[in-house]
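Structure first, then comments.
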Ligand SMILES: Nc1nc2c(c(=O)[nH]1)N[C@H]1C(S)=C(S)[C@@H](COP(=O)(O)OP(=O)(O)OC[C@H]3O[C@@H](n4cnc5c(=O)[nH]c(N)nc54)[C@H](O)[C@@H]3O)O[C@H]1N2
Ligand SMILES: Nc1nc2c(c(=O)[nH]1)N[C@H]1C(S)=C(S)[C@@H](COP(=O)(O)OP(=O)(O)OC[C@H]3O[C@@H](n4cnc5c(=O)[nH]c(N)nc54)[C@H](O)[C@@H]3O)O[C@H]1N2
Ligand code: SF4
Ligand code: SF4
Ligand code: SF4
Ligand code: SF4
Ligand code: SF4
Ligand SMILES: [Mo]
């Protein structure tokens, strides 16, 4: 898949933003007033910024509102509702904290749940796609959720939780890679099934249908070398999990925490780039690409 | 609308004969021509006269080489047209957040309502066959309409109420009809020739079917045909013997 | 569910205008849908005999062609050096004045100093009429480098050729064998035919080193070694003859197999056919045992009987064939390796041919009477058919190979019979019924007759009194005596060399001679730009008419911009290359369905004007005024003979006559009403066995195809060829130059032979054959300017067989240096398994010169695309005898494109494919970046 910056930004920052909102909704840290404002501002900047960035991916952003209509069947539509629900709930909840100094904990819990639901729906947009076996696994939402929670914990300063969750998220990430690497083969979709010609013999793509490029090739066919991807996996894991864990394990300082956050975000961005770049859409088979 | 109809009155679709498709791309361009001028926005082209040129097409012809197992068997080349298969369980429809993508109840045609489409691309992600292309100029999703504006079009003579690609195919490799009706010509053709689904494991239940190539290079070996080349005369008798024997037949 | 409401019956167009496609030379009928006076959509015309509604990719992309930014807009006068692309736009008055100033003195003094050559055109009967009137002998179209082998071998052998002049009986054939065809001119009909017969379960055998397209859908693929088809065919003939699997009756009745050959060693008639005093070939009648002219009523020609006279035994052709082809050199075992086909496979195919021809034969209930007056109550069908094109034609042994293929067809009795191969009117027509070449030039007067035709012996050659070639292209000379289409590919090099003489004006039309239609492209560019000691161009003046900004435009001094095919009148005439079917005579027109939005003129209309300005008799009235206002006027009013004109339909004052009839001033309107074409069906019972069928012959006379019935025998044995041999043996006054004697003796065998040209092409050092194929969705160089088509074929890789990929350690996307004895190119490669293991190939004419066709200079056509033409030379590599032999068929002069031998070497990827050329300055600017084409609202 084409690792489009808009979508990488969207998923990474909305994941972090909603992760942070989740923790805030549960009352961690339990802040009010301007401190709360700061936390909420960061969370909203990330969540809303992420959502906005996703609209850059749209051919017709001015009609984005229409995406709310199909919540019965579409995960993208559900995501839109959840996101709005989470933002509204958390907005009211946050207003209570910031302006009234009141914590409406039920509202917070609802907001937290909606935030997690938003992350879940986001993940389901990818998970549901049978066409991309690497994503089409139950562990995909686990990965999104664990990362979001870990990132949220990190941002909300929940050191212990962050340590634990980061390690969990790292483990889940490793699991998705190892399962993902086998997913295409396991899916049963290959050149033979794509063409129905497997009964005759071994199928190989010959001339492509066009010498120029097209939307499909740009969007779905992104081949990345194995060596390259191994390297990036290590880098992303180090940045996303290892380095933050070390930094958090050291005696706490705001500077180290900030470093941990930066490292984590960089790691997630790298991992997310790989999430897309490594994903093989089955349509590539028609072009002889995996 | 993104939910799929539980059932459609008809299952209109194409049957593509891989045994006769010569890979001429006629269907590709006639589709481009019709759909540029008709349904929805024109199919645009970028860098039309330069490098990295690309454009929106609803139908593309691939080609594959197949190497049979047998050691001395020659490789085969199969031209392979591909457009929307109008799947019964069309994942492109259910993922659509706006309802722009839908499957028609009357005939099962899968369409994009361009005025609702936000161009999120998700439906194309969900389609295993690469049957959807996002038009770069219009920002909306484009796909085969099964020429919905031809097949019922009362401004066209009866015989022309068929998809542009079918009408134009010089080799007669494309057939159009109701695959939900077991008595239709297309259904019979599918039954007769063992029509197949592409990527059945994806669970999309495509309506379009592909007729597999007939066995190739299957001419009987010479020993079977030998009686037809029995020499008329044995060598020693020479030319005149041959001539006599040959002309006996007159 | 609430679905959007769709308009299921949108208005398709305001109006449909029916005309003829010209995105290639197949000439399909098209419906041009108009909205607001603009072209909105093009589809096939269902009523049209050629395409019956279907349309190929090019045809459907016509809308992008008539809107292409590359269209020329105004006459151009060169201001920069040739090849720079620097021009000044001028008015038509000035353009025609320049042309007249250049041409007038030429016509007055030395008409042959004008060489007028036309390319991919369909108005040869018109352009040759113009050239005849001008008086130059130097006229031809592009057939000489295209497929003259196919045309000439067919006409000399059977009075008709494959090409688009005949077709398999698609309704009845059960075995269809295709030799060396990727696309061909009759491309939609072939596809329709293949589709049709495959549906019926008939077998298709494709003989081709490359398995794509037609050959990919063929049931059986014979991946033959290029250049060896003749041997393969002769081997099958060997098998069939040996087994007596021939249609002896057919051979006896309709071919010259029973005709006696004079046995008179050393004399000047040795090997000629025995004839009576009226020139009729003689056979022995089986009933009487007597020597009789072949066409006498009741004659049953004897294939076996010999004739004794003066102590000499004269034997029929059939004996000679048996002698020759029963020989073991043609046994499958002895040809298998050379052809790359196992011996048993050759036998199996021969046996299958025999099985289908004779075991699956059938009868049609059509009574008919043959030319001898014999009545037949049935027509016997032999459901085996063949088709072939440049894969056979474009080799130096192509003429003989094609003759061999016709021989195979004929011994199976499968020409002009149900289920076999059938001619389309105006064929069948024996070579003797065609004109002979004319070359007598008189200052200030027309030529003595048509330029091109069929020679029947040395006397017909186009030689001057001193024995030197009369024509600039040296057609109809000892070098290539039977060059019926001329040799356009030799014009520039001969004119440059001043051999046989210098010319003053080179006038060309519709031929991209500085690029894809030339061999040795770089060399041709140099010849076009080279100057003499006075700084003048060696080829002094070059006038060219194109419709688009092609590579050739850049080399012209005066460019006369043509219309596109939807903007002009054209005539697809029975006098030329009509649209007939085996069951019908048919012709068609083009007419201006849109008006040009540029200052351009239809080329033929322009010639009507120029002809009048030059006072050419055929183009001027007695009062000196212009005779034909434009081409439309000519099409309607010109008469070749009284009652016969360019169009056969709607003749006579009331438009109710076909073939012959007075001029009908409303003829074009009648064509337009009828969908742009005219069809006259051959009556049932007259539509098979046409060369011998009295009913057909009479019908053809009625249609004006012949002046009198012309029944004839198929020439398995070619007497004209024997005459050239006799000359080479020293007989007759006209004698070949010494260095050609041996070659003529050997190559002009009156019975088909096979020979290799591998040695001449240095196959020992360059072991791999390099071929091109036509892409179905591109027409030569025209397609690249088409925004839709160029997305399909924007650059071309060289396809290598798996073996060569491995041997050279190549992977897909690598680059290779390809070297021939003549040159070197560097190109990207891709692997192909379904390919003869010593053959490489690419799509033809995809590579473009930077700056041409209004493309951006970094267009992939120019940066990755390439031509094989840089590797091919019009002359063979020197062989050390001090002479340079032409890279062409020694009989017809057909350019031997496919004899190209190369070797391959891996090389690091360069920035661009090589050789690179400087950019031409585009005389029409560049196209827009993006397209969103929609005409209606
Ligand atoms: N390597 C290799 N080379 C080959 C061949 C091959 O197989 N391999 N094939 C050979 C053969 S068979 C042929 S026939 C030649 C063909 O080669 P060409 O005869 O050069 O054919 P085109 O490229 O079609 O170019 C014809 C020119 O006609 C112009 N043209 C198009 N439409 C019009 C019109 O309406 N009016 C006018 N006035 N001009 C127009 C085009 O712009 C173009 O410049 O190529 C030969 N060259
Ligand atoms: N789409 C399209 N149609 C065209 C044209 C075009 O440019 N585009 N050009 C038109 C013109 S001008 C012409 S002349 C015709 C030509 O029509 P074709 O004769 O189909 O011409 P080519 O594409 O040159 O194909 C030659 C075929 O012969 C095969 N071949 C080469 N050498 C041998 C051999 O030794 N033996 C055998 N058995 N096969 C061999 C090649 O692999 C190739 O498949 O097409 C006409 N139609
Ligand atoms: S082929 Fe693709 S676009 Fe068409 S219905 Fe099936 S999934 Fe949807
Ligand atoms: S691109 Fe358009 S049709 Fe496709 S899912 Fe998005 S909104 Fe629906
Ligand atoms: S049915 Fe119509 S829209 Fe679909 S591929 Fe064919 S021509 Fe294109
Ligand atoms: S038009 Fe017909 S033969 Fe040509 S590529 Fe399409 S399906 Fe194949
Ligand atoms: S084959 Fe194609 S390009 Fe040629 S005349 Fe027919 S439709 Fe036009
Ligand atoms: Mo040609």
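What follows draws every value from the coordinates through simple rules; no lab data is involved. Every value quoted in this text rests on a predicted model; they were computed, and no experiment measured them. Cβ coordinates were reconstructed from backbone atoms using ideal geometry, including for glycine residues, and neighbour counts include every protein chain displayed.
What is the range A:1-128 by shape, rounded, prolate or oblate, if you read a ≥ b ≥ c off the alpha carbon gyration tensor as root eigenvalues and call it rounded for a/c under 1.5, prolate for a/b larger than b/c, and oblate otherwise?
Because a/c hits 1.5 or more and a/b exceeds b/c, the range A:1-128 counts as prolate.
For the range C:169-274, count all C-alpha to C-alpha pairs, find those more than 15 Å apart, and express that count as a whole percent of the total.
So the portion of pairs separated by more than 15 Å is 74 percent.
Using a 10 Å cut-off around each Cβ of peptide C:38-47, what is the average number of partner chain Cβ atoms that fall inside?
3
Using a Gaussian network model on chain A with a 10 Å cutoff between Cα atoms, which of A:254, A:210, A:222 fluctuates the most?
Largest GNM mean-square fluctuation: A:210.
Fewest first, what order do C:749, B:101 take by the number of other Cβ atoms within 10 Å?
Ranking C:749, B:101 by Cβ neighbours within 10 Å, fewest first, gives C:749, B:101.
Order by neighbour count: B:32, C:934, C:424, fewest other Cβ atoms within 10 Å first, most last.
The order, fewest Cβ neighbours first, is C:934, C:424, B:32.
D for the range C:770-909, whole µm²/s, Stokes-Einstein with Kirkwood Rh over alpha-carbon pairs at 10 °C and 1.306 mPa s: what number?
The estimated diffusion coefficient comes to 99 µm²/s.
Let me confirm one metric for peptide A:123-129, namely the mean number of other chain beta-carbon atoms within 10 Å of its residues' beta-carbons.
Partner-chain Cβ atoms within 10 Å, mean over residues of A:123-129: 3.
Taking the Cα of residue B:106, stepping 7 Å toward and past its beta carbon, and measuring to each backbone N in the range C:1-34: which are under 18 Å?
It comes to C:1-12, nothing else.
Is the shape of chain C best called rounded, prolate or oblate, per the rule: a/c under 1.5 gives rounded, else a/b larger than b/c gives prolate, else oblate, with a ≥ b ≥ c the square roots of the Cα gyration tensor eigenvalues?
rounded
Taking all pairs of distinct Cα atoms, average 1/r, flip it, and tell me the Kirkwood hydrodynamic radius of the protein assembly as shown in Å to one decimal place.
35.0
Rounded, prolate or oblate: which one fits the range C:1-121, using the alpha carbon gyration tensor with axes a ≥ b ≥ c (rounded when a/c is under 1.5, else prolate when a/b beats b/c, else oblate)?
prolate
Based on C-alpha coordinates, I'd like the Rg and Dmax of the range C:824-864, in Å.
Gyration radius and largest Cα-Cα distance of the range C:824-864: 13.2, 39 Å.
Kindly list the residues of the range A:64-107 that lie in the label zone of residue A:6, defined by a backbone N under 14 Å from the point 7 Å along the Cα-to-C-beta vector.
Taking a point 7 Å out along Cα→Cβ of residue A:6, the residues of the range A:64-107 whose backbone N falls under 14 Å are A:64-65.
If packing is taken as the average number of other Cβ atoms within 10 Å across a peptide's residues, how do C:461-474, C:182-195 rank, most packed first?
The densest-packed peptide leads the list: C:182-195, C:461-474.
Using alpha carbons only, how many degrees (0 to 90, rounded to 10) separate the axis of helix C:694-703 from the longest principal axis of chain C?
Compared with the principal axis, the helix lies near 30 degrees.
How shielded is C:581-593 by partner chains, expressed as the average number of their Cβ atoms within 10 Å of its Cβ atoms?
Counting Cβ atoms of other protein chains within 10 Å of each residue's Cβ and averaging gives 0.
Provide the convex hull volume over Cα atoms per residue for the range A:172-290, in Å³.
Dividing the Cα hull volume of the range A:172-290 by its residue count gives 113 Å³.
Sticking with the crude label model, points 7 Å out along Cα→Cβ, report the distance from residue C:363 to residue C:466 in nm, one decimal please.
6.6
Between residue C:199 and residue C:654, 0.36 nm times their residue separation minus their Cα-Cα distance comes to what?
Stretched fully, the residue C:199-residue C:654 segment lengthens by 159.4 nm.
If you stretched the chain out fully between residue C:432 and residue C:884, how much longer would it get, using 0.36 nm times the residue separation minus the C-alpha to C-alpha distance?
Roughly 159.4 nm would be gained on extension.
Just to verify a number: FRET efficiency for residue C:629 and residue A:30, C-beta to C-beta distance, R0 = 60 Å, to 0.05?
That pair, residue C:629 with residue A:30, gives E of 0.05.
Quick one: the Cα spread of the range A:78-123 along its three principal axes, in angstroms, biggest first?
Cα spread of the range A:78-123 along its principal axes, largest to smallest: 34, 14, 10 Å.
Run through every distinct alpha carbon pair of the range C:110-222 and return the Kirkwood hydrodynamic radius in angstroms, one decimal place.
16.4
Which FRET efficiency, nearest 0.05, do residue C:706 and residue C:735 yield, Cβ-Cβ r, R0 51 Å?
So the FRET efficiency works out to roughly 0.90.
What is the ratio of the Cα radius of gyration of chain A to 2.2 N^0.38 Å, with N the residue count, to two decimals?
In units of the globular-protein estimate, chain A measures up at 1.08.
Residue C:101 versus residue C:530, label points 7 Å from Cα toward the beta carbon: distance in nm?
Taking the simple label geometry, residue C:101 and residue C:530 are separated by 2.8 nm.
Pairing the Cα long axis of helix C:603-613 with the longest principal axis of chain C, what angle in degrees results, from 0 to 90 and rounded to the nearest 10?
80
Per residue Cα convex hull volume for the range C:659-737, in cubic angstrom?
200
Once the Cα gyration tensor of the range B:12-211 is found, what semi-axes does its equivalent ellipsoid get, as square roots of 5 times the eigenvalues, in whole Å, sorted largest first?
Three semi-axes, in Å: 26, 21, 18.
Can you tell me the mean projection area, over all orientations, of the convex hull of the range C:537-594's alpha carbons? Units nm², please.
Orientation-averaged projected area of the Cα hull: 6.1 nm².
State, to one decimal in nm, how far the label point of residue B:89 lies from the label point of residue C:802, with both points 7 Å from Cα in the Cβ direction.
Going by the 7 Å Cα→Cβ label model, 3.6 nm.
Report the residue, chosen from B:179, B:146, B:77, that carries the largest GNM mean-square fluctuation when chain B is represented by alpha-carbon nodes joined by springs under 10 Å.
Result: B:77 has the largest fluctuation of those listed.
Listing C:204, B:95 from the residue with the fewest other Cβ atoms within 10 Å to the one with the most, what is the order?
Arranged by neighbour count, lowest to highest, C:204, B:95 become C:204, B:95.
Looking only at the range C:1-31, which residues have a backbone nitrogen under 20 Å from a spot 7 Å from the Cα of residue C:937 in the C-beta direction?
Counting backbone N atoms under 20 Å from the label point, the list is C:6-16.
How far is helix A:226-237 tilted, in degrees, relative to the longest principal axis of the Cα atoms in chain A, given as a value from 0 to 90 rounded to the nearest 10?
10
With r as the distance between the Cβ atoms of residue A:95 and residue A:62 and R0 = 30 Å, compute the FRET efficiency 1/(1 + (r/R0)^6) and round to 0.05.
0.55
Given a cut-off of 24 Å, what percent of all Cα-Cα pairs of the range C:50-195 lie beyond it?
Taking all Cα-Cα pairs of the range C:50-195, the fraction more than 24 Å apart is 58 percent.
Among C:118-127, C:922-931, C:768-777, C:304-313, how do they line up by average Cβ neighbours within 10 Å per residue, starting with the highest?
Packing order, densest peptide first, comes out as C:768-777, C:118-127, C:922-931, C:304-313.
Which residue, A:263, A:115, A:105, has the most motion in a Gaussian network model of chain A that connects Cα atoms within less than 10 Å?
A:105
To check my understanding: the extent here is largest minus smallest coordinate of the Cα atoms along each principal axis. What are those three numbers for the range C:602-702, in Å, largest first?
50, 29, 24
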